[in-house]
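To keep things clear, I will list the structure first and then write my remarks on it.
Readers should treat all values here as calculations from the given coordinates under stated rules, not as data from a laboratory. These numbers were taken from a predicted model, which means no experiment stands behind them. Cβ atoms come from the backbone with ideal geometry, glycine included; neighbour counts cover every protein chain shown.
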Amino acid sequence: MPVSDQAFVTLATNDIYCQGALVLGQSLRNQRATRRLVVLITPQVSNLLRVILSKVFDEVIEVNLIDSADYIHLAFLKRPELGVTLTKLHCWTLTHYSKCVFLDADTLVLSNIDELFDRTEFSAAPDPGWPDCFNSGVFVFQPSLETHGLLLQHATDHGSFDGADQGLLNSFFSSWSTADIHKHLPFIYNLSSNTAYTYSPAFKRFGSSVKVVHFLGPTKPWNYKYNPQTGSVLEEGSGLANQHQTSFLNLWWKIYQHSILPLYESFRDEEDHASPGHTAAVEELGAISAVGSSQPWPAQGPVEQTVVSDDTPPSPKGCHAEDTIGWPELETSAGVRCDPLSPPSPQCADSSGTQSTSQPTDKAEGDPSLEILEPSQEPPVDVTGDPSPQDALEVDLAVSVFEISIEEKVKELSPEEERRKWEEGRIDYMGKDAFARIQEKLDRFLQ
Ligand SMILES: O=c1ccn([C@@H]2O[C@H](COP(=O)(O)OP(=O)(O)O[C@H]3O[C@H](CO)[C@@H](O)[C@H](O)[C@H]3O)[C@@H](O)[C@H]2O)c(=O)[nH]1
Ligand SMILES: [Mn+2]
């Protein structure tokens, strides 16, 4: 029986983490999750990824840090390291749900975990590095604006001992380790994939009952390359830690290959049917680029490039020209040839400017509809805490017969784009638009 007032929730603040969210969402569907699937995103996520996410998730919700109470918002501006943390805390604002399970975008669900909804706030599993603390990659919580406010207040008053959400949540829910054993989730609900198990007999005994794998740490599944023919990740680069990790990584990639890549293709096909002219969608978006990738693998044919035109009309309100994603031509293992994708932006065309959430639909039944967000009326402000141009992070997806890879590409904005961003109110308060930087510029100018 589907339960509509409870949800699995994840978070993706850029197109790269969206890849993780997609695989997570699909893994929940594969395991017949009976709760709604929700993904929180920030303004940096491109229109294309919003559309793709809406095919897997029931709700794609844009959260904007400007939504928080102003005094807290201002306090956070002085604490750039807490940016992504603050975004994760937004899950407490989902008050149209009575109870939720939060899962990091770098987790993978291996069997049905609906029983987690029998638990209450705040339930989580021990952190493998310090078991008296919980790991904040999987937790049960109860949305509440009051709790959200208290968490923000706690963050401004006390900061976070690890500079991120895990430290903050552990000091807020400080009785977790002693008060109630029911709030200790078994380790099988949050098994870190990259730990070398010092207690390997336990892994032998319990490893097969693992329900959620967490790719915690700096190297994520999407940082590996994958061979679709052998069904395994390629060793080169990061060097694989252990056998367990390899098999979990292979599972992640299998879902990516079989369920996520086809979404991009079917999206492209829908696009072709919807607008035979093709260019309409391109113009709507303002600019679109296709990356003629450097192709480190055997080239499958000529790679065409869609030229980014400088005289494209200004993008409609709420749609940002830099919300583009570069796609090389795809050649799938099935030998299907794909043109560069062109994201449509239905909501850009008739932007009524209303607030963010999409209408919930039940993805389990019928055709997944393309419902995506209305752009937010407020000019989004980048306070995600990363001073790098994170909002310009592009995904460079390369698919060949022998190798699939998801590369990060940090796009340098042109001075025109910088200016447009500034005019749209998208000001990088933490980075190059920080007062100190502007002061430096003024000083240089006056000297
Ligand atoms: O640029 C980012 C970074 C993080 N996230 C989201 O935040 C989560 C946490 O970040 P992650 O990279 O997964 O951190 P971990 O390697 O898992 O490190 C640990 O430390 C983090 C900070 O305290 C906690 O959030 C994690 O739950 C904990 O496992 C991700 O899964 C995403 O959902 C983004 O959307 N964009
Ligand atoms: Mn994580």
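In table form, for the structure just shown:
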item	result
In Hz, Karplus ³J(HN,Hα) per residue of segment 47-54 (6.51, -1.76, 1.60; θ = phi - 60°; x = Gly, Pro)	4, 4, 5, 4, 5, 4, 4, 5
Simple label model, 7 Å out from Cα along Cβ direction - Glu146 to Phe161, nm	2.7
In order through segment 28-37: 3J(HN,Hα) via Karplus (6.51 cos²θ - 1.76 cosθ + 1.60), integer Hz, x for Gly, Pro	5, 5, 4, 8, 6, 4, 9, 9, 6, 10
Calculated FRET value between His273 and Thr178, using beta carbons and R₀ = 56 Å, to 0.05	0.40
Estimated translational D of segment 8-59 in µm²/s (Stokes, Kirkwood radius over Cα pairs; 25 °C; 0.890 mPa s)	228
Leading residue at positive end of dipole, segment 180-276 (Cβ point charges), from Trp252, Tyr224, Thr198	Thr198
Globularity ratio of segment 88-218, using Cα Rg and 2.2 N^0.38 Å	1.05
Other-chain or far-sequence residues with amide H under 5 Å of Ser232's (modelled H)	Asn227
Value of D in µm² per second that Stokes-Einstein yields for segment 174-254, Kirkwood Rh from Cα pairs, at 37 °C (0.692 mPa s)	230
